[in-house]
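In what follows, a structure is listed as structure tokens, so that the remarks can point back to it.
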Amino acid sequence: MHIPDGYLSPVTCGTMYAISLPFWYLAVNRVRKVLTHRTVPVLALFAAFAFVLMMFNVPLPGGTTGHAVGGTLLAVVLGPWAAILGISVVLGIQALFFGDGGLMTFGANVFNMAIVLPLVGYFVYKVISSNSESNSPRRLIGAVIGSYFGIVAASLVAGIELGIQPGLSHALDGTPLYAPYGLNVAVPAMLIGHLLVAGPIEALVTGGVFAYLQRTHSSLVKADVPGKKEGKLWVLWGAVGLAALATPIGLLASGTAWGEWGAEQLKQRGFSFIPQGLEKIAGWWPAPLPGYGFPRMGAVIGYILSAFLGIAVVAFLLWILGRWLSRKNSAKQQASNGRGSAG
Amino acid sequence: MKGESFLTRNIGSFTGALESVILTDDLSRRQGLLQSLDPRVKVFTFALFIVVVGLARSLWILCAIFAIVIILSFLAKLSLVFFLKRVLLFVPFTAIIAIPALFITPGQPLVEIAGKAIMTQQGVHTAGFLILRVVDSVSFGMLLILTTPWTNILVSLRWFRLPPLIVDILGMTYRYISLLLHNVNSMFLARRSRTIGGFSGAENRRWLARSLATTMAKSQHLSEEVYLAMLSRGYQGEIYVLNPLKFKFRDSVWAAIAVIVAAILLWGNYR
């Protein structure tokens, strides 16, 4: 996901630096408050660890291999603000020494991998695992699902950054000057790769390491940094709200999302043959908000409202899942405590 | 991936990174023209060139910049083959991304087969832009890092008013990356020397998770020890560095040439 120089226009690069700056500022202040004089050695060692983690070749079932980013893992162990700084430092060293990711695109890479990834991952982790014991399976599930969502969200943002390039800057004869593919290609291309390969790798590594830490180094899993208090969730909610506010970017995309064509649109796309099954099931599930828009409402407002509603539904489902898991876990613990006292 | 190749591949990736770190340090201490320049001037001028690469709107300008890069690599006494190998490493990845653009970018047909446009002029141009921009920008980054000791880059970053906290973390991270790479490399070598035949993918994944978790716990432990060591040496939240850098006459000459060349290249955009 490291975007090299040359893929994004200088204007986009500048904008992404500007967007990342306040996050860095906040992160430096918050981390300093918590870690005080330990900030430099703790962050340096964990950043070095994150660098090494990104070098590991992870074998996936089926024979492919890949690398993890580890942003969610770092956020879960150190807190999201420390993760922002740690991963940023790693990205800087990778860009300087190994040419992995550009120097002009550094702001964009930081936003995708060091800000969106750990914040989304940590948010999902928190929602699923809130108030559970450090060795609870809910924490493990939270870390796994969180890391998956984190990297997919990061790839979505990267896809959007790449996809808006041809519209933003092209030569007089229409030649795109930077990344040549529009949103309808760039977003699905990024998403598919991350939904199917990079996401599972991230979840696998995060889950494996987290489970082992739970068994052997539970102090690390509790985010037991001296003086560290439970993070305030409202900051994360704010970040999610901001991301949702950015949904109008989706309106820049022309046409239907890649691969989400209905039977009619397939015909428009020149498909002469519509799979019978598709025609049969087409009317079977009437979407409550067809085309992500409320009926009889401005397209833009409808689109944004749909985004918020979608986020609310997903958050609610995750919350229910969390509650259910915590009940199950506490029941199990009570049972085992009962056995303990009886025996 | 069987056990043997899984271990070998990881060992390869760790040693590759270690080698590159050591080699970079070695080359940056050679006696070439670029090495003798003040790092602050180099950071500024190379950043300027990277911005010019980003702003260029003609393939000719990008080609001219690549010619400048080659001249600079001579001035840095870098072996051309070595330098090109390091820079062109990034071409295949971008080429794979650029190839479809040759065919799907709408525009004037360049190659036609059976009356249908197969490759368009705009497609060729956009692919050229992408590849040349990547090569040019990576080249300047590489030239900077191959001709400047890391400590001097850190001193210049401080001079450019980057927060000292960030510069300190950057410096220390780099130092411990080498150490941790050494550690995991030894872990994998030890494992490999005890392995006959292979393991299943699932077993490899479990082992990988264990070694990563152990490394993470070790890093945390080490950070505590490093902090205590720093405290015992009088650390009070700030690292003081000596600034051995001095502007020389040749630095101003170099800066002037670089700014003029950059201005000429940018002027080429509007010609």
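The values are calculated or read from the model by the stated rules, or taken from the named source; none is laboratory data. All of these numbers come straight from a predicted model, not from anything done at the bench. FYI the Cβ positions are ideal-geometry reconstructions off the backbone, even for glycines, and counts take in every protein chain you see. Only protein heavy atoms, including side chains, enter the accessible area calculation; ligands, DNA and RNA are left aside. Shrake-Rupley method; radii C 1.70, N 1.55, O 1.52, S 1.80 Å.
Quick one: if you stick a label point 7 Å off each Cα along the C-beta vector at B:Y240 and B:S58, how many nm between them?
Result for the modelled spin labels: 5.4 nm.
Please label the shape of chain B as rounded, prolate or oblate, based on the square roots a ≥ b ≥ c of the eigenvalues of the alpha-carbon gyration tensor (a/c under 1.5 means rounded; beyond that, a/b larger than b/c means prolate, else oblate).
oblate
Could you tell me which of rounded, prolate or oblate describes the stretch A:1-115, using a ≥ b ≥ c as the square roots of the eigenvalues of the alpha-carbon gyration tensor, with rounded for a/c under 1.5 and, failing that, prolate when a/b is larger than b/c and oblate otherwise?
Note, shape of the stretch A:1-115 comes out oblate.
State which stretch of chain B is the longest one without any exposed chymotrypsin sites (Phe, Trp or Tyr not before Pro), exposure meaning a DSSP loop state and at most 12 other Cβ atoms within 10 Å.
The segment B:1-159 is the longest one with no such site.
Using a Förster distance of 30 Å, how high is the FRET efficiency between A:V313 and A:N184, based on the Cβ-Cβ distance and rounded to 0.05?
The formula returns an efficiency of 0.75 here.
What full-extension length gain, to one decimal in nm, is calculated for B:R192 and B:L179 as 0.36 nm per residue of separation minus the Cα-Cα distance?
2.7 nm
From the Cα gyration tensor of the stretch B:6-153, with a ≥ b ≥ c the square roots of its eigenvalues, which class applies: rounded if a/c is under 1.5, or else prolate if a/b is larger than b/c, or else oblate?
oblate
Take the Cα pairs of the stretch B:92-234, get the Kirkwood Rh, then feed it into Stokes-Einstein at 10 °C and 1.306 mPa s and tell me D in µm²/s.
76 µm²/s
Please compare each pair in B:K85/B:K246; A:K33/B:K42; A:K33/B:K218; B:K77/B:K246; A:K126/B:K218; B:K42/B:K85 to a cut-off of 30 Å on the Cα-Cα distance and tell me which ones are over it.
B:K85/B:K246; A:K33/B:K42
When all alpha-carbon pairs of the stretch A:44-98 are counted, what percent fall beyond 17 Å?
I get 37 percent for the Cα pairs in the stretch A:44-98 exceeding 17 Å.
Rounded to the nearest 100 Å², what's the accessible area chains B and A bury against each other, both chains counted, probe 1.4 Å?
Looking at B and A, the buried total is near 6300 Å².
May I ask for log10 I(q)/I(0) of the stretch B:144-210 at q = 0.14, 0.17 Å⁻¹, from a Debye sum over the Cα atoms as equal point scatterers with solvent left out?
Here the Debye-derived log intensity ratios amount to -0.63, -0.72.
Could you point to the residue in B:Y174, B:N204, B:A256 farthest towards the positive end of the stretch B:169-271's charge dipole, with +1 and -1 charges on the Cβ of Lys/Arg and Asp/Glu respectively?
Toward the positive end, the furthest listed residue is B:N204.
Within the accessible area of the stretch B:197-245, what % is carbon and sulfur when the probe is 1.4 Å and the other protein chains stay in place?
After summing per-atom areas, the C and S share lands at 55 percent.
Cα centroid distance between the stretch A:46-86 and the stretch B:103-155, in Å?
29 Å
Between the stretch B:178-241 and the stretch A:89-119, how many Å separate their Cα centres?
Cα centres, the stretch B:178-241 to the stretch A:89-119: 23 Å.
Across peptide A:145-158, how many C-beta atoms of other chains are within 10 Å of each residue C-beta, on average?
0
Would you give the gap between the C-alpha center of the stretch B:246-271 and the C-alpha center of the stretch B:15-51, rounded to a whole Å?
19 Å
If contacts are Cα pairs under 8 angstrom and at least 6 residues apart, what is the relative contact order of chain B in percent?
Relative contact order for chain B comes out at 33 percent.
Could you tell me which of B:I96, B:L146, B:W159 has its Cα farthest along the dipole of the stretch B:75-167 towards the positive end, charges placed at Cβ (Lys, Arg +1; Asp, Glu -1), taken about the Cα centre?
B:W159
Over all residues in A:91-98, what is the mean tally of Cβ atoms on other chains that come within 10 Å of each residue's Cβ?
Whole-number average of other-chain Cβ neighbours for A:91-98 is 6.
On full extension of the chain, what length is gained from B:F93 through B:I68, given 0.36 nm per residue of separation minus the C-alpha to C-alpha distance?
Length gained between B:F93 and B:I68: 6.6 nm.
Let me know the mean shielding of A:99-108 by other chains, meaning the per-residue number of their Cβ atoms within 10 Å of its Cβ.
4
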